[in-house]
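Written below as structure tokens is the structure these notes are about.
All of the numbers you see were taken from the coordinates with simple rules; none came from a lab. Predicted model, so just to flag it, every value in this text is computed and none were measured. Cβ: placed from backbone, ideal geometry, glycine included. Neighbour counts: every protein chain shown.
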Amino acid sequence: MSESNKDIESMSYEQARDELVKVVAELETGSVTLEKSMQLWERGEALANRCEKWLSGARDQLAKVSKTKKTGSE
């Protein structure tokens with residue numbers, strides 16, 4: 001991850017998702033330079049990875065809770 005994207009590591013899911021939506025919208029306008037587009041793309045990838053990390057963690061927690069309930073009720 002580049003130095004300019006270090007702030008993403010501390011973002012909540014909602015913060016990362018909201019910024020990702022903005023990045024995609026800006027890229028879709030096509031009104032930025034190639035260099036800026038590449039920077040936005042890199043930031044968008046980092047934001048998407050952050051969102052996936054949050055979602056993966058939530059899935060893991062749900063699986064643990066579900067497993068605990070199943071073994072606890074038997």
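Data for the structure
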quantity	calculated
Packing-based order for 15-27, 51-63, using average beta carbon neighbours within 10 Å, highest first	15-27, 51-63
Qualifying aspartates and glutamates (Cα of each under 13 Å from Cα of LYS70; at least 8 residues distant if same chain)	none
Percent of alpha-carbon pairs separated by more than 19 Å within the chain	48
Rounded to the nearest 20 debye, dipole of the chain from Cβ charges on Lys, Arg, Asp, Glu	560
